[in-house]
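Comments concern the structure below.
The values are calculated or read from the model by the stated rules, or taken from the named source; none is laboratory data. Predicted, not measured: the structure shown is a model, and the values here were computed from it. Cβ coordinates were reconstructed from backbone atoms using ideal geometry, including for glycine residues, and neighbour counts include every protein chain displayed. The protein model used for the area step is the full one, side chains on, heavy atoms only, and it has no ligands, DNA or RNA in it. Shrake-Rupley method; radii C 1.70, N 1.55, O 1.52, S 1.80 Å.
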Amino acid sequence: MSERRYLGTIGAEAVGAELELVGWVHHRRDHGGLTFLDLRDHTGLLQVVFNPTAAPEAHRAAQRCRLEYVVRVQGRLGRRPAGSENRQLATGEVELAATGVTILSAAEPAPFAIGDERPVDEGVRLQYRYLDLRRPRMQRNLRARHRFVQGLRRSADAMGFIEIETPTLVPSTPEGARDFVVPSRLRPGFVWALPQSPQLYKQLCMVGGLDRYFQIARCWRDEDLRADRQFEFTQLDVEMAFVEETDVFAALERLIGDAWAEAFAIPLGAPWPRLTWQAAMERYGSDKPDTRFGNELMTVTEALAGTEVRLFRSALAAGGAIRALRVPGGAQLPRAELEGAWQQVARDAGAAGVVLLPRLADGWQGPIARAMGADELARLAERTATEAGDLLCLVAADERVAGAALGALRLHAARRLGWIPPGRLDFLWITDFPMFERGADGGLQPLHHPFTQVHPDDWPRLESDPLSARSRAYDIVCNGVEIGSGSLRITRPEQQAAIFRVLGLAEDEVEAKFGFLLGAFRHGAPPHGGFAAGIDRLVMLGLGEPSIREVIAFPKTQTGQDPLTGAPTRVTPGQLRDVGLRLAEPPTGPGPATR
Ligand code: ASP
């Protein structure tokens, strides 16, 4: 076949041409003795007309064409009769007068309409993903994603980065999530892990003199799925030698900015604002603040220092704080909603509850306000600038808990009351993260990962007061979504050993797990740092989609299944034997063995 003509590109300049075209049958109608097929490809639609007198055989064949049949048509392009043009359509001035049509593939009736954007149950969309991919939304999204990734590659290349593939069967690396493991056939009882990220390999590239690495890297983490989280996801993974934070920041701003311009035709501008982790927690109660709107949190501990209200007093006595969020105009919200949904938001964020104080023209409302002194209320009003018509939310608790609850309420209020300016993108850097936090088991764990450098001022107290030590880790956040993380890395074996000591790893365990890395650092390791940015999340934001599933060709459902293939599936006894495994429990529920 000669070069393929895409349907949406055929205009009046081609009138008179003999064309051979392919596409899906989008619409068929019989009218005035003629049969019309609208043919579709990803560029658009073209009307094809079949005349029973001029081309009887083609006309008969066209009668057999149903929706979503794949056909090839021949004919001559003509102008549509005056008055029958379709101004909505790019090709609406022309039509193909068919002389022949071949059915290349028949199609069963589709479970949903392909041609429109009407919502379809997501389970059905994913089960018939190949049909869903034909629809305008997924065509637009995946093509934008392609342009985004090409933009990243072009930009990285222009900056002297080289693309390196790292393995996907790796030893388990500690990125803080659960690994997907792959049993080894040749060493029964041993496992590979799928990489949570290429972290250690990219650091080894630096030791290997590949001083600007990048990869469009697939990563796997066995975590519960959410709107912005899948088992497998794609990162723009970057590592650079001989750099400081600012070099990494500039590189990422340019990479993402270039790709954004290419995919979404929007200049992002740079440099992006920077906020320390401490400031983010104080002002927004979150390390991924949505900075598209203000309404920052406040601390009112001092204003309420002498309070008689028991709830406040006991929190203060326990060393806690009283934090506040002012919701302008919030006094009008129904009491039932405040005591229902708003309380629930605070509880879901870990607080026992939130004190909700509406202020009306005739004063503060509610039992807690009545229990407070007039002076106290006046100080509170002054400190928080609360006016008649506003709602004041107070949480008295451990400072972090209070911040988290009010941070969650701030987002809830923003959605409920329309604080978020449409179309706005707020990229920013969060810096100076703490090096460690307490995990669910009470032990210390790195906030980023254990290969992250400690803030130079904080090395001396690393072992005596590890929770107060800051790291040289940084995140990119956009519109309240964490886009990615990075850090400057440790390259001195004794510093790396100190981190492992704080984490309570025994020396032989360190040697067994990370001996290769410490060994590499003893062979001339340049100072280095890097970053990984989530491509799925970036494209989701660029397209204004609510979930990364909308920008991934074949995602899993929120419950971690693939309705298209039925995976995960059972394995046969033979497959288990091959890798030396026996099941403790037979699997329950449907699912055929794979072989
Ligand atoms: N490996 C890290 C991650 O996936 C990113 C980095 O530190 O470069 O979050």
Legend entry - Area of L360 that stays accessible when all protein chains are in place (1.4 Å probe, Å², to 10): 60
Inset, instruction - Return the loop-located GluC sites (Glu not before Pro) in region 1-65 (DSSP other than H, G, I, E, B) with at most 15 other Cβ atoms within 10 Å of their own Cβ; answer none if there are none. - result: E3
Inset, instruction - Report the relative contact order of the chain, percent, no decimals, based on alpha-carbon pairs under 8 angstrom and at least 6 residues apart. - result: 13
Legend entry - Ranking by accessible area, most exposed first, for K288, K556 with a 1.4 Å probe: K288, K556
Legend entry - Solvent-accessible ranking of Y130, Y213, largest area first, probe 1.4 Å: Y130, Y213
Inset, instruction - Compute the distance in nm between two label points, each set 7 Å from the Cα along the Cα-to-Cβ direction, one at R118 and one at R60. - result: 3.5
Legend entry - Point-to-point label distance, D578-H42, nm (Cα→Cβ direction, 7 Å offset): 3.4
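Under a 1.4 angstrom probe, counting protein chains only, how are L169, L34, L428 ranked by accessible area, largest first?
L169, L34, L428
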Legend entry - Reachable lysines from K288, criterion Cα separation under 18 angstrom, eight or more residues apart if same chain: none
Inset, instruction - Mind checking region 400-508 for trypsin sites (Lys or Arg not before Pro) that DSSP puts in a loop (not H, G, I, E or B) and that have at most 13 other Cβ atoms within 10 Å? - result: R424
Legend entry - Gain upon complete extension [L34, E494; 0.36 nm per residue less C-alpha separation]: 157.3 nm
Legend entry - Inter-label distance for E507 and R185, nm, one decimal - labels placed 7 Å from Cα along Cα-to-Cβ: 4.1
Legend entry - Qualifying GluC sites (Glu not before Pro) in region 192-266, DSSP loop, other Cβ atoms within 10 Å at most 16: E223, E244
Inset, instruction - Please give the solvent-accessible surface of V395 in Å², to the nearest 10, using a probe radius of 1.4 Å with every protein chain present. - result: 0
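When the accessible area of the chain is split by element with a 1.4 Å probe, what percent falls to carbon and sulfur?
52
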Legend entry - region 177-232 - accessible surface per residue (Å², probe 1.4 Å): 50
